[in-house]
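Readers should treat all values here as calculations from the given coordinates under stated rules, not as data from a laboratory. Nothing here was measured: the structure is a model prediction, and the numbers come from that model. Note: ideal-geometry Cβ built from the backbone for every residue, glycine included; neighbour counts use all protein chains shown.
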Amino acid sequence: MKKIVLIKLGGSAITYKDTEKSPNLKVINRCMKELAELKNVHPIIVHGAGSFGHPIAKKYDLINGLSEERHQDQIVAVARTRQHMLELHKLVVDAAIENGLHPYSLPASAISYETSEGKYNFFGENLTRTLRLNLNPILYGDIVMSDLRHFTILSGDTIMYLILEWLKGTKYFPSLIVFGSDVDGLYTDDPKINERARLIETVSIKDVDAAKNNAKHSMHDDITAGMLGKISAIEKILKFGIEAKIVNLLQPGRISSLLSPEFIGTNFQP
Ligand code: ADP
């Protein structure tokens, strides 16, 4: 059986975050090509929203759910955000097919909802079925319904955790977790702001909590907590006893070298 690798394509890499609804087709295409060429690897793919989701979600405060005063505008914004996400998702699925992968789209909005603060019901039955068939499940950060606030945003980083929770104890549990972003990995400080920030190559589980102090909210309109949200998701993921990596998708070859000694990025050890 091939190695299952769960990889997230960060919205900061697959879109131009400063221009609304602007896809980085070159990066999307290269990621799929490199994934398809990885020997003996079966990818499960999650992607972020970047400029297709965050600006509108921020403007209408969609992460905090329904507010009485903004009810009408928010409902329009929910529908629009989902439409934008479907547009980006289509581009990602197209690139996956063109490069020889077999994507099977599983929108989180259809297979999950929030039950209480930060807790989700995630119906992964079809995820397992698609893996059995050698398809590549592909999910994305999305609006989901909520028992608590009517609707909210479920980030790609959190979906990574939900997938692992679902696959725990099955033969499809991934052997590697990858977060692709627009920076080489976790730095001592935000490298976009502090030019003296240094890349941290290895972080062990006992140091992850301290590593959170290095990670800042994203500079962009990222409403799902940027690098900080990612490290929090990684902290929970390491508890499954599996390693996680952050890599830079803007640089060619970083996916190709994921499993080689030439790997460049941050390696989180359980
Ligand atoms: P993605 O959309 O790829 O999931 P985010 O935009 O949410 O990624 O987070 C990545 C961003 O986090 C980087 O572009 C960087 O500016 C910011 N960041 C903040 N603190 C750090 C840090 N300590 N190390 C690396 N990046 C950081």
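If we scan region 151-169, do we find a residue that is farther than 18 Å from Lys236 by Cα, away from the ligand (no atom under 16 Å from the Cβ) and in a loop (DSSP other than H, G, I, E, B)?
Within region 151-169, the first condition is being farther than 18 Å from Lys236 by Cα, and the residues that meet it are 151-153.
So of that shortlist, the ones also away from the ligand (no atom under 16 Å from the Cβ) come out as 151-152.
Applying the additional criterion that residues be in a loop (DSSP other than H, G, I, E, B) yields none.
Within region 151-169, none of the residues are farther than 18 Å from Lys236 by Cα, away from the ligand (no atom under 16 Å from the Cβ) and in a loop (DSSP other than H, G, I, E, B).
Please indicate, with yes or no, whether at least one residue in region 202-209 is within 16 Å of the ligand (Cβ to nearest atom) and either assigned to a loop (DSSP other than H, G, I, E, B) or in contact with a His (Cβ under 8 Å, 6 or more places away or on another chain) (or both).
Here is the first cut: in region 202-209, the residues within 16 Å of the ligand (Cβ to nearest atom) are 202-203, 207-209.
Within this subset, residues satisfying the condition of being either assigned to a loop (DSSP other than H, G, I, E, B) or in contact with a His (Cβ under 8 Å, 6 or more places away or on another chain) (or both) are none.
Within region 202-209 (the criterion being within 16 Å of the ligand (Cβ to nearest atom) and either assigned to a loop (DSSP other than H, G, I, E, B) or in contact with a His (Cβ under 8 Å, 6 or more places away or on another chain) (or both)), the answer is no, since none of the residues qualifies.
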The correct count of residues that are surrounded by 20 or more Cβ atoms within 10 Å (Cβ to Cβ) and at positive phi in region 149-176 is 0
Among the residues of region 218-227, are any surrounded by fewer than 18 Cβ atoms within 10 Å (Cβ to Cβ), more than 17 Å from the chain's Cα centre (by Cα) and farther than 21 Å from Leu139 by Cβ?
yes
Asp189 is checked against (1) buried (at least 19 other Cβ atoms within 10 Å of the Cβ); (2) within 12 Å of the ligand (Cβ to nearest atom) and fails just one. What number does that condition carry?
(1)
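Does any residue of region 219-236 turn out to be farther than 30 Å from Ala57 by Cα and not aliphatic (A, V, I, L, M)?
no
Before we move on, is Gly180 out of contact with any Cys (no Cβ under 6 Å at 6 or more places or on another chain), within 12 Å of the ligand (Cβ to nearest atom), assigned to a loop (DSSP other than H, G, I, E, B) and under 22 Å from Glu34 (Cα atoms)? Please lay out each step first, then the result.
Values: out of contact with any Cys (no Cβ under 6 Å at 6 or more places or on another chain): yes; within 12 Å of the ligand (Cβ to nearest atom): yes; assigned to a loop (DSSP other than H, G, I, E, B): no; under 22 Å from Glu34 (Cα atoms): yes.
Criteria not met by Gly180.
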Do we have Ile75 as β-branched (Val, Ile, Thr) and over 21 Å from the mean Cα position of the chain (by Cα) here?
yes
If Met32 satisfies all but one of (1) within 14 Å of the ligand (Cβ to nearest atom); (2) under 18 Å from Ser257 (Cβ atoms); (3) in contact with an Asp or Glu (Cβ under 9 Å, 6 or more places away or on another chain), what's the number of the condition it fails?
(1)
